[in-house]
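The values are calculated or read from the model by the stated rules, or taken from the named source; none is laboratory data. Remember, it's a predicted structure, so these values are computed and weren't measured experimentally. Neighbour counts run over all protein chains shown; Cβ positions are idealised from the backbone, glycine included. SASA here: full protein model, heavy atoms, side chains in, ligands and nucleic acids out. Shrake-Rupley method; radii C 1.70, N 1.55, O 1.52, S 1.80 Å.
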Amino acid sequence: LSPVCLGSLRRAAIRQCGLVVLMPHGYEGGGPEHSSCRMERFLQMTDDDPSVIPEKNGHTQIQIQRCNWQFINCSTPANYFHALRRQVKRNFRKPLLVASPKSLLKLRQCVSPKEDFLEGSSFKRVIPANEMACAAESVRRHIFCTGKIYYELIAELEMKGIDHIAVSRLEQIAPFPFDTVQEELERFPNAELMWVQEEPKNMGAWAYVQPRFYTTLLRGIQRDIPVLYAGRKVNPSPATGFPKQHKAEIEEFMERSKQLLNSSMN
């Protein structure tokens, strides 16, 4: 099914569609055809305005109703379950595009407690950062990421004993959850903001989330700070097929994600 047709059903054909599309996506050294679902193409066709924070309305979910589709990249089994459940339970239909890393199927850390599936639980558009060992005011960097890169970041920070960097997960990339992102940003008022992704800079979600982070910062919480970037450099190919180069690229942007502002690459 053409993404153009799927993305324009509401406007062109005035039709509702609840199709769920699962797209393998995850950088594991398998080369360009086995790493990327080219999420940037779908996000580019998303019709939410990057400079407008929508009104809050949790009952009618008006933001999703007005958007042409949803794009998610879940990092927990429970959130994936709730994403599918809400797709069926809603009183309206929107296409759901899911970037699904295959490696999370066998990752021991990727688990959810039973309580996250029971009554009172729901889909989390943003999974908040864990409680920090230091005070929230002492957190020096606040990282947002999406998908499986979260587990690699946490493993790196724990291995290095770094406790002044908070990591939040953007589970629903589009439409952008301005309200929950703003709540997370308000938790760490003195922290730098950085987006970390495993895709090249000209691919992935960076081009989509960057202007929306600026809108949240400037119009939501009135903070004028840069949105830093850590990930693979600009590249014409989605991924390399050489294991050594793949590992070197990961080490490079992991190191950049730990450097503070005076030595960061924006």
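A few remarks follow.
- Pick from the range 118-132, criterion among the hydrophobic types (A, V, I, L, M, F, W, C), closer than 24 Å to A230 by Cα and assigned to a loop (DSSP other than H, G, I, E, B), ranking: least open to solvent (accessible area, probe 1.4 Å): A129
- Any hit, the range 117-138, residues being over 27 Å from G18 (Cα atoms) and of a type in the set (K, R): no
- E115, sole failed condition from (1) touching a Ser or Thr at 6+ places or on another chain (Cβ under 6 Å); (2) open to solvent by 80 Å² or more (accessible area, probe 1.4 Å); (3) acidic (D, E): (1)
- Filter result for P238 (over 17 Å from H142 (Cα atoms) and over 17 Å from the mean Cα position of the chain (by Cα)): yes
- Filter result for C67 (in contact with a strand residue (DSSP E or B) (Cβ under 8 Å, 6 or more places away or on another chain), at negative phi and open to solvent by 10 Å² or more (accessible area, probe 1.4 Å)): no
- Residues that are at pLDDT below 70 and either in contact with a helix residue (DSSP H, G or I) (Cβ under 7 Å, 6 or more places away or on another chain) or polar (S, T, N, Q) (or both) within the range 256-266 comprise N262, S263, S264, M265, N266, listed in sequence order.
- Applying a threshold of 6 Å to beta carbon distances and a minimum spacing of six or more residues, or different chains, the list of pairs starting in the range 207-224 at a residue that is within 12 Å of L170 (Cβ to Cβ) and ending at one that is open to solvent by 10 Å² or more (accessible area, probe 1.4 Å) and assigned to a helix (DSSP H, G or I) reads T216/Q182.
- Candidate set from the range 96-112 (those that are open to solvent by 90 Å² or more (accessible area, probe 1.4 Å) and part of a helix (DSSP H, G or I)); member that is nearest to Q197 (Cα to Cα): K102
- Unique match (being at pLDDT 95 or above, touching an Asp or Glu at 6+ places or on another chain (Cβ under 8 Å), surrounded by 14 or more Cβ atoms within 10 Å (Cβ to Cβ) and not in a loop (DSSP other than H, G, I, E, B)) among L217, L193: L217
- R93 vs. criteria assigned to a loop (DSSP other than H, G, I, E, B), out of contact with any helix residue (DSSP H, G or I) (no Cβ under 6 Å at 6 or more places or on another chain), charged (D, E, K, R) and loosely packed, with under 11 Cβ neighbours inside 10 Å: no
- Residue within the range 242-255 that is farther than 19 Å from I154 by Cβ, out of contact with any strand residue (DSSP E or B) (no Cβ under 6 Å at 6 or more places or on another chain), open to solvent by 40 Å² or more (accessible area, probe 1.4 Å) and at pLDDT 95 or above present: no
- Verdict on P238 being over 20 Å from P50 (Cβ atoms) and not in a strand (DSSP E or B): yes
- Hits in the range 157-178 (condition: open to solvent by 40 Å² or more (accessible area, probe 1.4 Å), touching a residue at least 12 places away in the same chain (Cβ under 8 Å) and part of a helix (DSSP H, G or I)): K160
So that you can scan it fast, the table gives a plain yes or no per residue for (1) within 11 Å of the chain's Cα centre (by Cα); (2) not hydroxyl-bearing (S, T, Y):
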| residue | (1), (2) |
| --- | --- |
| F123 | no, yes |
| M132 | no, yes |
| T146 | yes, no |
| Y151 | no, no |
| E158 | no, yes |
| A166 | no, yes |
| A174 | yes, yes |
| F178 | no, yes |
